[in-house]
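We did not get these values from a lab; they are worked out from the coordinates using the rules stated. Quick caveat, the model's predicted, so the values are computed rather than measured. With ideal geometry, Cβ positions are generated from the backbone for all residues, glycine too; neighbour counts draw on all protein chains shown.
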Amino acid sequence: MACRLGQRIVACLILCAFAGCSTTATISRTDGMAYEADILASDANSLRVRDSYGREMIVSREEMADIDHPGNVIYTIGLVLIAMSVPMIIGDLSHQGKSQQSEWSGMGLVIGIPEAVTGLCLAIPGWVHYRHSKHEAKAFEDATPILPVPRPATFWPYPYPAPYPYPPPQQ
């Protein structure tokens, strides 16, 4: 019974890790727009991407402001969980043979092992998605642009949404 429950929990964690991590890169454009797409290939001047509708397109360096690769956040969260669980597990294992056992002995294993498994279930898929996206965009990211790429700057004329509570300032 406990073994089946553990297997179901691990299967649920793996499913959440794969479903919760986006597999598409967020590509920010210089006009302020952003879209989600899979990076298929790259060269020094452009990226070949596929959007969620299956359309393939080429995005040139001049149109692109930034690339946010998928998986980096979930990979980091997984590594943090693993880093938090390791001291609990090591601390509990190093004091296992001591004669002064308390009611808290063994809690490092009880909390640390599921936390480490959760961290692995998050870190591994996140790392796979991140490395795949970085590999496909490597030629583009390693190339030095000929001209600096302008970054979008959006400035609203007034800091308050319309309708304004008072007339605009006189110049």
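Could you sort 131-140, 112-121 so that the peptide with the highest average Cβ count within 10 Å comes first and the rest follow in order? Could the numbers behind the result be given before it?
Working: 131-140: 16.5, 112-121: 18.8.
Going from most to least packed, we get 112-121, 131-140.
Can you give me the distance in nm between label points at H132 and I113, each placed 7 Å from the Cα along the Cα-to-Cβ direction?
The two pseudo-label positions are separated by 3.2 nm.
Determine the sum of side-chain charges near S85: Lys and Arg each +1, Asp and Glu each -1, restricted to other residues whose C-beta is under 12 angstrom from that of S85. Please report the intermediate quantities before stating the final value.
Details: positive: none; negative: D92, E115.
With Lys, Arg at +1 and Asp, Glu at -1, the net is -2.
Count the net charge of all other residues whose Cβ sits under 12 Å from the Cβ of E141, scoring Lys and Arg as +1 and Asp and Glu as -1.
Numbers: positive: R61, K134, K138; negative: D43, D66, E136, D142.
Combined, the nearby Lys, Arg, Asp and Glu give -1.
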